[in-house]
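The values are calculated or read from the model by the stated rules, or taken from the named source; none is laboratory data. Since we're looking at a predicted model, the values are computed, not measured. Here the Cβ positions follow ideal geometry from the backbone for every residue, glycine too, while neighbour counts run over all protein chains shown.
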Amino acid sequence: MADDAAREAVRQKLEQIRSLYAARLGEKLSELDAALEQSRRSGDGRDLKLALRLAHNVAGTASVVGLRRVGLAALEFEKLLDSMVENAGPAPDAALAAAARSLHEAAAAELGLQQHP
């Protein structure tokens, strides 16, 4: 019985963490979108590195709290951004748009968040 109670306590705590994360995920995705847009406009590598860090954080945290689709989509986005940073060159706008759309669709599917326009 103690094991059942401990498991239930852990499950409830994870659900609480997931709920808190879900409440902030929309904000994080908006920050990621803004960093990408700013990078596109300015060509500044700092904004691109910020977008990479945000995608990395979303990928890691989503995976930990059990949002598998969000985690996988963010990981793919992170890989694309990482290649842009490493190669000091832009990815095609279509590739960035597809990665952003995939991440927003995953968030919408798993959490009911509004999809990317």
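I'd like to check something: does region 35-43 contain any residue that is closer than 30 Å to Q16 by Cβ, modelled with pLDDT of 95 or more, part of a helix (DSSP H, G or I) and of a type outside the set (F, W, Y)?
Just the residues of region 35-43 that are closer than 30 Å to Q16 by Cβ, to begin with: 35.
This time we only want the ones that are modelled with pLDDT of 95 or more, so: none.
Scanning region 35-43, I find no residue that is closer than 30 Å to Q16 by Cβ, modelled with pLDDT of 95 or more, part of a helix (DSSP H, G or I) and of a type outside the set (F, W, Y), so the answer is no.
Of the residues A74, A9, the single one that is farther than 17 Å from E110 by Cα, assigned to a helix (DSSP H, G or I) and of a type in the set (A, V, I, L, M, F, W, C) is A9. Restricting to region 8-22, name every residue that is within 15 Å of the chain's Cα centre (by Cα) and either surrounded by fewer than 17 Cβ atoms within 10 Å (Cβ to Cβ) or not aliphatic (A, V, I, L, M) (or both). Once the filter is applied, which keeps residues that are within 15 Å of the chain's Cα centre (by Cα) and either surrounded by fewer than 17 Cβ atoms within 10 Å (Cβ to Cβ) or not aliphatic (A, V, I, L, M) (or both), region 8-22 yields R18, L20, Y21.
Based on what the data block shows, is E76 among the acidic types (D, E) and at pLDDT 90 or above?
Numbers: among the acidic types (D, E): yes; at pLDDT 90 or above: yes.
The answer is yes for E76.
Mind counting the residues in region 23-59 that are closer than 16 Å to A107 by Cβ and loosely packed, with under 14 Cβ neighbours inside 10 Å? So the count comes out to 4.
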